[in-house]
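The structure appears right after this line, and notes come after that.
The values are calculated or read from the model by the stated rules, or taken from the named source; none is laboratory data. If you're wondering where the values come from, they're calculated on a predicted model, not measured in any experiment. When we count neighbours, we look across all protein chains shown, and the Cβ atoms used for this are built from the backbone with ideal geometry, even at glycine. With ligands, DNA and RNA removed, areas are computed over all heavy atoms of the protein, side chains included. Shrake-Rupley method; radii C 1.70, N 1.55, O 1.52, S 1.80 Å.
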Amino acid sequence: MASAKKEETDLFDLAKDLVKNWYIVLPCLILSGIIGVIVALWIRPVYQVDALLQIENKNNKGPAAAMMGGIGNLFASSSPAETEIELIKSRQVIGDAVDKMRLQYYAIPTRKLQRLLHKEGRMELNQLEIPWKNIPEEDRGKPWYAVVKDSLTFKLLDHNNKLVIDNCNAKETYKVPYAGDSVTFSVLRMDVKKGQRFALTKVDRLDAIDAFRESFTIKEKGKKTGILEFSFQDIYPDRATEILNEIANTYLRQNVERSNAEAQKTLDFLEKQLPEVKGQMDSAMIRFNNYRNRVGSVDINAETRIVLERRNKLQQDLLLLQQKKQDAVRLFQPEHPTIKTYEEQENALKRELASNTNETKKLPATQQEVLKLSNEVELTKAMYTSLLNNIQQLKLVSAGEVGSVRIIDFAEQVTKPSKPKKKIILLAALFLGFLLGATLVAIKSKFSNGIRDAHFIE
């Protein structure tokens, strides 16, 4: 109890000291408040935009998959969201967006008062190619400058503030001699006023990609939902929207191209096989016709016809099964149950085919030859027809391929910045100012020589 009362007394004494020394605390609060306001104004507003993508399961593509039949399994994939996230973060996707949105170029306003007043203007570069190899090493990488003359024209200065181009127009591209080579320069867009000044730089492509990743986040919403949320932060809300939509469209385009590449690769292979299979069919028909012309009409009895039809049916079934097995081998390991099932069915068909071959040996020689040649014709016809069907199906699938990604929500321009949190900055500054004032009061009280406790006098 005594300890609690002592703590209450200490706090009460501290409060009295703070009130008594208000002339110390109040200036600290005012000073910290001013600093907080300046910091809140100095930090450039940052806007965050979001977009949503869905990773679809290509195992279930509706009518297209049904139309393709067995060969559709060749393109079945179910990439987890983690894989897609890493693909989106790759240089292939982000690098394309960096190149298209000119994110290697920076035009940074330099007027400090205009920055505090949020009237510093805006300039975005389309091109800035400087022959750094012809410039002294100590000057390489230093910023160049653009000084605005009016809302449409400005002058370009080099790193030593020497005039390079006068009366530049924002809508033109300039290529002028410089340091034994040439400088290429153009502006993408600008919103400026007379007298504003910008520091111009170009960073390496890899550095631009790394800087982009710091402002870009992507995550899966929920668990195993297949819904990916993109977020990007930038000081300009319209540019942030354009950049994020470009990332989404770039990934969507590359996803479709990747799917089409798989289909096109198989299509090219099948089209190369088509002339060979057609040649085999034509040769089989020629041999069959030549034999019929040489021996004349051969009467094929009912028993021979049954054997022939049975053999053709077995060979076509075997051909179809081997195609399915070949497609499955691309997707599964050899020990997978699907592969094992196909192998068992294939062996069963081969045994039946061998049994059918023994039956044909019991037929007369002429009928055996007719049976053999007609079987070759039917088999090559079936192969040629199947090949044509697969080629047509692949062409239809390739033409209608939409990839495994669907954009649910495009990024939309926002009006309120996500950073800085001005109220939080101001409250934090006031709190620190109060702590500073309380510390000064405590130090003053500690070194005071007066008597503070009436009980001490008693």
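Restricting attention to segment 217-275, and to residues there that are hydroxyl-bearing (S, T, Y) and not in a helix (DSSP H, G or I), which single residue is surrounded by the fewest Cβ atoms within 10 Å (Cβ to Cβ)? Taking the candidates together, the pick is T225.
Flag set for K221, criterion: modelled with pLDDT under 90, of a type outside the set (A, V, I, L, M) and more than 21 Å from N390 (Cβ to Cβ). Screening segment 358-458 for helices (runs of 4 or more DSSP H) wholly inside it with 1 or more residues that are open to solvent by 80 Å² or more (accessible area, probe 1.4 Å), modelled with pLDDT of 85 or more and of a type outside the set (S, T, N, Q) returns the ranges 422-446.
Of the residues screened, A146 is not one that is at pLDDT 90 or above, in contact with a helix residue (DSSP H, G or I) (Cβ under 6 Å, 6 or more places away or on another chain), of a type in the set (A, V, I, L, M, F, W, C) and at negative phi. The residue that is nearest to R44 (Cα to Cα), counting only those in segment 139-150 that are touching a Lys or Arg at 6+ places or on another chain (Cβ under 7 Å) and open to solvent by 30 Å² or more (accessible area, probe 1.4 Å), is Y145. Pick from segment 317-336 the residues that are open to solvent by 80 Å² or more (accessible area, probe 1.4 Å) and touching a residue at least 60 places away in the same chain (Cβ under 8 Å): which of them is nearest to K381 (Cα to Cα)? Among those residues, the one meeting the criterion is L320.
R287: at pLDDT below 90, touching a Leu at 6+ places or on another chain (Cβ under 7 Å) and open to solvent by 60 Å² or more (accessible area, probe 1.4 Å), yes or no? Against the criterion (at pLDDT below 90, touching a Leu at 6+ places or on another chain (Cβ under 7 Å) and open to solvent by 60 Å² or more (accessible area, probe 1.4 Å)), R287 qualifies.
If you go through segment 151-163 and keep only what is touching a residue at least 24 places away in the same chain (Cβ under 8 Å) and open to solvent by 50 Å² or more (accessible area, probe 1.4 Å), you end up with just S151. If you go through segment 80-90 and pick out every residue that is closer than 16 Å to E214 by Cα and in contact with a Leu (Cβ under 8 Å, 6 or more places away or on another chain), you end up with 2. Can you find a residue that is in contact with a strand residue (DSSP E or B) (Cβ under 6 Å, 6 or more places away or on another chain) and at pLDDT 60 or above anywhere in segment 15-30? Within segment 15-30, not a single residue is in contact with a strand residue (DSSP E or B) (Cβ under 6 Å, 6 or more places away or on another chain) and at pLDDT 60 or above. Among the residues making up segment 186-208, those that are outside any helix (DSSP H, G or I) and of a type in the set (G, A, S) are S186, G195, A199. Residue count for segment 92-138, restricted to those that are open to solvent by 50 Å² or more (accessible area, probe 1.4 Å) and farther than 26 Å from R44 by Cβ: 9.
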